[in-house]
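All remarks here apply to the structure that follows.
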Amino acid sequence: MNDRVVIPANPPEAPELDVEPETIRGFARSLRSASAQIDDLGTFVGGSARIGDWQGSDAAAYHQDIAPIGHRADAMSLALRSVHQQADDHADEMDALVEERTDLEQRRGHAMQWISGLWQRSRDLGEDEVPALEADAARCQTACDTLADDVAGWLRRVRASERRMLQTFSRVATVEQVEKKYGGVPDPADEPLSRMPRGGMPEEVRAWWDGLTRDEQLAIISASPGSIGNLDGVPAWARGEANETSLTRDVAAWEMLEFNGSITDDERGWLENARSAQDALADTRSRVDPVTGEPLVSQLYLYDPAAFDGDGRVAVSVGDLDSAQNVSVSVPGLTTEMTSIGGNATNVRDLYEASRSMHPDQTTATLAWIGYDAPSGLDSGRVGFEGAATEGGSRLADTLDGLRASRDDPAHLTVIGHSYGSTTMGHGLTDHDVDVDEAVAIGSPGLGANAADVGDLDVPDGHFFVGRNSDDPVADLGDKGWVNKGDALGAGLGRDPAEDDFGGRRFQAEDVARGGPPDWWVDPTPGVPDTIVWEHSNSLDMHTGYYDPDTESLWNMSQVVTGHTGDEDLMRADHVHDPWYDGPRDPEADADIERPSTRQRVP
Amino acid sequence: MMGRGSGPVVRLAVVLVGVILGVVAMTGCRPGSGEEEAQEQGLRDSRDQTVTELTAALDTVTAGLPAQLRFSQGNYDTCRSDLRGATGYAYSVNGRLDLAVAPTRADLTRLAGLLTQAGFEAEVVDEATVRGTKDDLTLRLSRLDQEPAYLFSGGTDECFGIGRDRAGDYSVDKDPIQLG
């Protein structure tokens, strides 16, 4: 060994960072919801707790007594909000520091390998090799010094972040501190809210929102989440944060009433709706992106658990609606209400995962939109009429406008309507000016009375698609025209969009269980008493499997959502044909069923 | 334009069907049976078998390339449903393998060889994907274009019916797997 060459010592290790940023974020969300709850108390005491007709000395005494409570509640709300904000920042900082530590550890690993190599070379070193080894050792020393500096800097940032968090806590640790710091301080949300355009176009809303400071935006999300949670034109991240603040607050409040035994039937229904949204978000976030392995982003784009006489209104995304290159909006149909969001979120999650897996170089966000009062439960009879679809089409058009207005860079936007949801989509596309790139009808009983053919739809030429399983009894309801009108005598909701005269582009969407037994049947076994047998492979499944993984339908929809709409990009299907002399014929009924992988890249 | 009206009787029938479907979906009424328990057990067995087989196959692949497992996750894929959501599932797994350098089309042949070594019948499907099959199990690996990685997915097509009251338990894989 040559002792003339100084080989660097091992560089310092960045200490293990035992932190879960997502847990800190959850804590921050709880603080924000608590802040919103307490802010509501302040508002109540300051406003609605005042009884207009009650005057005189007793009323004055009462109001004098409760005034400090309101004052204190407002201060407490602001204090919690400040801690929430710091906790949120702390979580972001910790995310960055965890990533930085991984990088530092990788560099340390390389340095150790380098040092080990230097030691090996230094054994049995020839005289002529000394200068080269000295030079290499010097370079290694420089790299180790830089790494040591970076580790020290990283450690300083860890401590500084922890210190800021602690300081924020310690500033509001007592009621006195809170009152001193925040008592009488105007809520930073109040003034910007007073300027909010009421009933304005999404573009005006967007301009108002963009004109706010970051602090004002965050203050509104905390203090008045209901004012922007469902407001078209506000970016999805802010709507999601606001709606989750409302959601957490509502669940806490109604669970308290449930615990006390004082919850009303209405409130119990709203609680069930809210929990459904909570579960859908949690389920989505428990999954990871199929390309990056990062947890899935999910935004609560609509939240109104008491809407539509308690059926509720909700929309949950998979992926980031603000930044994704492709955005799709899925509109479900019959039986849909807020408690159905779990199944609908699974559908759009399958669409998201397929789109990402098939085209990993593109980013996508898919939205399960239960934003209208679909026929459901006891009012399912409305499925035979277009009233709910007409009203829903208007709401859908507003949502599409909002998604467009809230972004600078236009997403490739696809709207997908299933079943009665396709009728709703049809009204959105015929009764309103919308700006979508693609539209897809699956399992459609018709797009409504205003859609005689594709020319009536506000969709670019050649970008209206139809997926229809030939065994789907609902898709069979659409009017085929001519003599027989179809198996259901044209009792559907307008023209069958899969028919050749309609002018849409049909893709293969056959169900793998096509041709199976019906939903229930009488056991024909000789000697066995008549028994009604239920089969899982049922006719209704022929109508509900369009989003199932590894199906023609999901594969084709993913191609459309990601903008791969050339004839060679899709599994094209022949149209339903209705000759004048006979009943309609669906050539797909005899076609082979394919099982394309929706988790495989499309080259 | 072709006519599109419908008689009141037919319209009434559609309305009634809507009401029945809505109420059935709302109440979730569907008779239970021992068959459902057997189906659920079948799903669990399918999961165990998929995880065991794919773990072994990916061990061979990661050692041979070499590659590192970045992540894996299990999926209960909906294969049967009604208006309220899934009523049947097939189990599958997907994930990602990271490599030192981005694979080219030529590397797929080598990957197919490793799958063969792992007991699969393997073929290069197209310029991006290799598919291996072993009995009723399929494993696919697709290379990414500009990243040194393969995305993989594997499972069987077998669909197991799960009663509506139990279907919600399978909305996500609540006992996350980690292959390799």
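Observations, loosely collected:
- The set of residues from the stretch A:485-527 being under 26 Å from A:His427 (Cα atoms) and either touching a Cys at 6+ places or on another chain (Cβ under 8 Å) or at pLDDT below 80 (or both) comprises A:Lys485, A:Gly486, A:Asp487, A:Ala488, A:Leu489, A:Gly490, A:Ala491, A:Gly492.
- Total residues in the stretch A:351-378, condition outside any helix (DSSP H, G or I) and more than 12 Å from A:Ala315 (Cβ to Cβ): 10
- Exactly one residue out of B:Asp157, B:Asp145, B:Asp136 is acidic (Asp, Glu), within 24 Å of B:Ala100 (Cβ to Cβ) and in contact with an Asp or Glu (Cβ under 8 Å, 6 or more places away or on another chain), and it is B:Asp145.
- Members of the stretch B:31-82 found to be touching a strand residue (DSSP E or B) at 6+ places or on another chain (Cβ under 7 Å), polar (S, T, N, Q) and outside any helix (DSSP H, G or I), listed by number: B:Gln68, B:Ser72, B:Gln73, B:Asn75, B:Thr78, B:Ser81
- Residue under evaluation A:Ser116, criteria (1) at pLDDT 90 or above; (2) surrounded by 14 or more Cβ atoms within 10 Å (Cβ to Cβ), criterion not met: (2)
- Matching entry among A:Ala411, A:Ala449, A:Ala441, A:Ala475 (being modelled with pLDDT under 95, small (Gly, Ala, Ser) and touching a helix residue (DSSP H, G or I) at 6+ places or on another chain (Cβ under 8 Å)): A:Ala475
- Qualifying residue in the stretch A:12-22 (condition: assigned to a helix (DSSP H, G or I) and either of a type in the set (Asp, Glu) or modelled with pLDDT of 85 or more (or both)): yes
- Only one of the numbered conditions (1) closer than 22 Å to A:Ser444 by Cβ; (2) modelled with pLDDT under 95; (3) part of a loop (DSSP other than H, G, I, E, B); (4) more than 10 Å from every other protein chain (Cβ to nearest Cβ) is violated by A:Asn538, and that is (4).
- Residues in the stretch A:178-193 that are assigned to a helix (DSSP H, G or I) and surrounded by 14 or more Cβ atoms within 10 Å (Cβ to Cβ): 6 in all.
Results for (1) touching a helix residue (DSSP H, G or I) at 6+ places or on another chain (Cβ under 8 Å); (2) more than 20 Å from A:Ser317 (Cα to Cα); (3) basic (Lys, Arg), shown as yes or no for each residue.
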| site | (1), (2), (3) |
| --- | --- |
| A:Gly199 | no, yes, no |
| A:Glu203 | yes, yes, no |
| A:Ala207 | no, yes, no |
| A:Arg214 | no, yes, yes |
| A:Ile221 | yes, no, no |
| A:Ser224 | yes, yes, no |
| A:Leu231 | yes, no, no |
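- Applying the criterion of being free of Cβ contacts under 8 Å to residues at least 60 places away in the same chain and under 15 Å from A:Asp279 (Cα atoms) to the residues of the stretch A:314-325, the residue that is farthest from the other protein chains (Cβ to nearest Cβ) is A:Val314.
- Residue match in the stretch B:84-98 (condition: among the basic types (Lys, Arg), at the interface with chain A (Cβ under 9 Å from one of its Cβ atoms) and either in contact (Cβ under 8 Å) with a residue 12 or more places away in the chain or part of a strand (DSSP E or B) (or both)): yes
- Of the residues A:Val602, A:Val560, the single one that is touching a residue at least 60 places away in the same chain (Cβ under 8 Å), among the β-branched types (Val, Ile, Thr) and assigned to a loop (DSSP other than H, G, I, E, B) is A:Val602.
- Within the stretch A:584-597, being within 14 Å of chain B (Cβ to nearest Cβ) and at pLDDT below 90 holds for one residue alone: A:Pro584.
- First in the stretch A:278-290 and hydrophobic (A, V, I, L, M, F, W, C), second anywhere and in a loop (DSSP other than H, G, I, E, B) and surrounded by fewer than 20 Cβ atoms within 10 Å (Cβ to Cβ), Cβ under 8 Å, 6 or more apart: A:Val288/A:Glu294
- Qualifying residue in the stretch A:78-85 (condition: in a helix (DSSP H, G or I), out of contact with any His (no Cβ under 9 Å at 6 or more places or on another chain) and free of Cβ contacts under 8 Å to residues at least 40 places away in the same chain): no
- For the stretch A:403-413, the criterion of being under 17 Å from the mean Cα position of the chain (by Cα) and buried (at least 24 other Cβ atoms within 10 Å of the Cβ) is met by at least one residue.
- Search result, residues across the stretch A:395-436 that are without any contact (Cβ under 8 Å) to a residue 40 or more places away in the chain and basic (Lys, Arg): A:Arg395
- For the stretch A:350-357, the count of residues that are in contact with a Leu (Cβ under 9 Å, 6 or more places away or on another chain), more than 14 Å from chain B (Cβ to nearest Cβ) and modelled with pLDDT of 95 or more is zero.
- In the set A:Gly261, A:Gly310, A:Gly240, only one residue is more than 14 Å from every other protein chain (Cβ to nearest Cβ), closer than 23 Å to A:Asp398 by Cβ and small (Gly, Ala, Ser); that residue is A:Gly240.
- Each residue in the stretch A:306-339 was checked for being assigned to a helix (DSSP H, G or I) and touching a strand residue (DSSP E or B) at 6+ places or on another chain (Cβ under 7 Å), and 1 of them qualify.
The values are calculated or read from the model by the stated rules, or taken from the named source; none is laboratory data. Just so it is clear, the model here is predicted, and its values are computed rather than measured. Quick reminder, even Gly has a Cβ in these numbers, built from the backbone with ideal geometry, and neighbours come from all protein chains shown.
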